Each structure stands twice: as C-alpha cells, then as structure tokens.
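A short write-up of the structure that comes next.
Throughout, read-outs are computed from the coordinates displayed, never taken from laboratory work. Values in this document were obtained by computation on a predicted structure and should not be read as measured data. Methodologically, a virtual Cβ is constructed for each residue, glycine included, from the backbone with ideal geometry; neighbour enumeration extends over all protein chains shown.
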C-alpha cells in the first residue's frame, strides 16, 4: 500500500520550509547572498544542515526561492502605488517610483542583493523575470497615461524597460556595500527627487518614436 502523507505531516513540512526561507531572508538582509552558507541557514533555522537539502536541492535553489519571495513583496508595493484611477496617472507613476526607491534605501543590504549583487545564474534569471514584472506594471500605467493624454505617444514597452533600468542602475551605486558609496538620510530624498524627475521627464517629454 502506497504511503500517503497526512495533513499533519504536510503542515509540519510546510512549517519547516517556511522557517528555512525566513532564516535565509534574515541572513541576506544582514549580509547579502554571497556570504550566506547552507550551514548558516541551518543554524539560524535551528535545523541540521542535511535537513535543508531535504527541502531545497541546492544553495542556489534556496536563494531563488527567497529572491522570489522578497521580490514579490516589492512588486506588490509598486502595484499598489500604481493602482486606482482617482489620481492622475503621472502622479501614480511618481508615487510608485518613490516607493521603490525609498524602500530600497531603507533596507540597503537586501535591496542591493535583489537589484545588483553578483549572483548565480539561476538567481540572475529570477532577477530578470522580476524586472519584467516591474516593466509590465509600468507599461500598463504608461499606456493608460497615453490614453488619457497625460503622456505623449511613445513605445510603452521600451519606456517601461527604460524606467526600470534607470531605477536599478541609479540605485546600484548608493546601495553598493562600499563605505564611500553610502548616502546619508538628509541626501536620500534629494537623490530620489532627481531620479524620479529624470524618469518622469523621459515619459512626459516629446515622444521620440511612434508606438
């Protein structure tokens, strides 16, 4: 007779898996992906190292799962900022850009890990997939802005990719784990205003190509 897991066994497995993901999340938030070892994760989660591999076949698979979880949280924040039609589209785009940048600067180690830290190919692919998620959100907003006459006619897909790329590249320097790259809290809002102004200027200025 084939063995069938009980609800209790499945629940315990899910709880252990969740504990592992939370352990990795906290470690990455402290020091980035590169410095985290499976033994560190096991110790933080209160498990044996071998137990980790019962839930994730490799260190990279564990990192991908945590990367996806953490990025989903950030994508949802941008989605909420862009939601609703009671405000002008440009205002919502501005709020989404500021939300992304402020959250990144408040948690620089995690943000650096998600945005720019050199990672294994599997994690890099997840990074590209999630950049696509951001781009799709901004593309929909740009198309709505064009429909309402707030933005000039343009290639919404290219503009969205440009906005996401500008965010990532502009924040990579300040987020990088080098003492001379850090910015103080008094300068962060000025930097965010400049970055947001640049992105909005690109979206609201004269169109350079037809959609």
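How would 191, 110, 146 line up from fewest to most surrounding beta-carbon atoms within 10 angstrom?
Exposure proxy ranking, most exposed first: 191, 146, 110.
Sorted by average packing, counted as other Cβ atoms within 10 angstrom per residue and highest first, what order do 152-163, 69-80 take?
Top of the packing list down: 152-163, 69-80.
Give me 62, 114 sorted ascending by neighbouring Cβ count inside 10 Å, so fewest comes first.
Listing 62, 114 from fewest to most nearby Cβ atoms yields 62, 114.
Taking neighbour counts of Cβ atoms within 10 Å as a proxy for exposure, in what order, fewest first, do 40, 7, 187 appear?
The most exposed by this proxy come first: 7, 187, 40.
Add -39500 (n - 2.57) for each DSSP H run of 4 or more in the chain, then divide by its residues: what number comes out at 222 nm, to the nearest 500 deg cm²/dmol?
Theoretical 222 nm ellipticity from helices: -25000 deg cm²/dmol.
What residue among 197, 50, 145 has the largest mean-square fluctuation in a Gaussian network model of the chain, using Cα springs under 10 Å?
50
Choose one answer from 174, 108, 121: the residue with the largest mean-square fluctuation in a GNM of the chain with alpha-carbon springs under 10 Å.
121
With Rg and Dmax of the Cα atoms in Å defined as stated, name the option among (1) 15.8, 46; (2) 16.8, 56; (3) 20.2, 71 computed from the structure displayed.
(3)
What percent does the relative contact order of the chain come to when contacts are Cα pairs within less than 8 Å and at least six residues apart?
Answer for the chain is 20 percent.
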